[in-house]
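Below is one structure, written out as structure tokens; comments come after it.
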Amino acid sequence: MPTNEQIDKVMALFQAAGHHPVSPPILQPADIFLDLTGEDIRRRLYLTTGANGVDLCLRPDFTIPVCRAHLEAADMSIPTAYSYHGPVFRQRSDGLGEIPQIGAESFGRDDRNAADADMLALSVKALDEFGTPASDIRIGDEGLFVAVLGGLDLPVVWQRRLRDLFGETAKLDDALERLSGTVSSTSALDDKRLGFLAALEGADPEAAQSMVEGLLSIAGISTVAGRSASEIAERFLEQAALTSGTSDTKAAADVLKAYLALNTSADKAVDVLSGFARTHKLDLTDALVVFKDRLDAIKARGLDLSAITFSAGFGRRLDYYTGFIFEIYGAGGREAGQLVGGGRYDRLLNLLGAEAEILAIGFSIWLDRISGAREASQ
């Protein structure tokens, strides 16, 4: 673990960069995390119930609590920036569930690429203060993935589905196999379900929706999990569109697989991506302009682009992340776990109740991994 003196120096570094310290409550409403990060996180939360019956949890991260603190503050002016230090709580199979973190968040800067570069550079400086230089920096960009999707003339339902899965490698791979037309059923029930959905595929949308609503009505079903019969029918039609691939969708799947496999140093990434776009006749001009401008900003902060890896398939599984993301590892390698995780989450404050879009980016440092990284570097 870093010393208190080192932690104080890093907090001072953050404050000098304009990030004033905040300490959001440890107890947080559990439903917010379940709604925004999915039910999968439930098994990792430390849950309790308040006197009023509301489900509460020990904060599993700082990003959402800092956003909530900003929205509840008397002064919500932007741009503004925050820093923090304290524990987060996640149940895990190895080690204690109390994890010390330190980090910084930036809200409301409309110079996105400059803000991205500043936050990456600030996290690298923080690691230097801890005596654990960044040995491996990996960056990704959801905006490029979305641009590739947009150029493939896929049905909207497929574009939405694949974008939602970006960052969840196994699930995205499975979806691409389905897009390719290689659907595997695991049971007779699956076969019957797929047969029903296949029958809906290609049918007149209004007639198909009426048919599904009629079947639900006969079964006496009006709502399921809060969804109306009409919403359930619409979901069935979406699933029908996802049941099988065609020659066109197989070609799109092949392009996406080729894109997700791209992995290169950041100084070569623009050339690699431009070559990919030419090969597959995609117009990625706008996305590449943004990407190159960000790389130029990162280089201007003194970071060596040849020592940074761009991975096209690197994404976050959380829906509110948008655009640029990064992670940093120490001398112990990726097996030892990331020292820093960060990225842009422009949708999050809106989802938490902000009336207007608030651009945001931040990062957290896992202090429990610092000592191991320092020892590995020595």
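Key figures for this structure:
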read-out	value
Residue match in region 310-323 (condition: of a type in the set (Val, Ile, Thr), under 23 Å from Phe107 (Cβ atoms) and at pLDDT 95 or above)	no
Flag if Ala360 is surrounded by 21 or more Cβ atoms within 10 Å (Cβ to Cβ), of a type in the set (Gly, Ala, Ser), modelled with pLDDT of 90 or more and in contact with a Leu (Cβ under 8 Å, 6 or more places away or on another chain)	yes
Check on Ala115, of a type outside the set (Phe, Trp, Tyr), in contact with a strand residue (DSSP E or B) (Cβ under 7 Å, 6 or more places away or on another chain) and either free of Cβ contacts under 8 Å to residues at least 12 places away in the same chain or in a helix (DSSP H, G or I) (or both)	yes
Condition met for Ala170 (among the aliphatic types (A, V, I, L, M), without any contact (Cβ under 8 Å) to a residue 40 or more places away in the chain and either on the phi > 0 side of the Ramachandran plot or in a helix (DSSP H, G or I) (or both))	yes
Members of region 118-145 that are of a type in the set (Gly, Ala, Ser) and part of a helix (DSSP H, G or I)	Ala121, Ser123, Ala126, Gly143
Selected residue (only one of Ala258, Ala240, Ala233, Ala251 is more than 16 Å from Arg138 (Cβ to Cβ), in a helix (DSSP H, G or I) and modelled with pLDDT of 95 or more)	Ala258
Residue count for region 332-354, restricted to those that are modelled with pLDDT of 90 or more and not aliphatic (A, V, I, L, M)	10
Ala376, sole failed condition from (1) out of contact with any strand residue (DSSP E or B) (no Cβ under 9 Å at 6 or more places or on another chain); (2) under 21 Å from Arg109 (Cβ atoms); (3) surrounded by fewer than 18 Cβ atoms within 10 Å (Cβ to Cβ)	(2)
Residue within region 158-165 that is surrounded by fewer than 18 Cβ atoms within 10 Å (Cβ to Cβ) and closer than 26 Å to Lys9 by Cβ present	no
Residues of region 261-290 classified as part of a helix (DSSP H, G or I) and under 18 Å from Ile308 (Cα atoms), total	10
Residues (in contact (Cβ under 8 Å) with a residue 24 or more places away in the chain and assigned to a loop (DSSP other than H, G, I, E, B)) located in region 355-371	Ile358, Leu359
Long-range neighbours under 8 Å by Cβ, at least six apart or interchain, first residue touching a residue at least 40 places away in the same chain (Cβ under 8 Å) within region 140-160, second surrounded by fewer than 16 Cβ atoms within 10 Å (Cβ to Cβ) and assigned to a loop (DSSP other than H, G, I, E, B)	Gly151/Asp283
Per-region count, region 334-354, residues closer than 23 Å to Asn113 by Cα and outside any loop (DSSP other than H, G, I, E, B)	9
Pairs where the first residue, in region 52-74, is more than 17 Å from Leu367 (Cβ to Cβ) and the second is modelled with pLDDT of 95 or more and among the basic types (Lys, Arg), C-beta under 6 Å, 6+ apart	Pro65/Arg59
Close pairs (8 angstrom Cβ cut-off, 6 or more residues apart or separate chains): in contact (Cβ under 8 Å) with a residue 60 or more places away in the chain and more than 18 Å from Leu152 (Cβ to Cβ) in region 259-274, loosely packed, with under 15 Cβ neighbours inside 10 Å and not aromatic (Phe, Trp, Tyr) anywhere	Ala266/Ser306
Within region 1-99, strands (runs of 3 or more DSSP E) holding 2 or more residues that are more than 25 Å from the chain's Cα centre (by Cα) and surrounded by fewer than 18 Cβ atoms within 10 Å (Cβ to Cβ)	47-49
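Let's see how each residue does on (1) crowded, with 22+ Cβ neighbours inside 10 Å; (2) outside the structural domain of Ala104 (by TED's automatic domain parsing); (3) out of contact with any helix residue (DSSP H, G or I) (no Cβ under 7 Å at 6 or more places or on another chain):
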residue	(1), (2), (3)
Lys257	no, yes, no
Thr264	no, yes, no
Thr279	no, yes, yes
Val289	no, yes, yes
Tyr320	no, yes, no
Glu335	no, yes, yes
Glu355	no, no, yes
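The values are calculated or read from the model by the stated rules, or taken from the named source; none is laboratory data. Keep in mind that what you see is a predicted model, and the values were worked out from it rather than measured. Neighbour counts run over all protein chains shown; Cβ positions are idealised from the backbone, glycine included.
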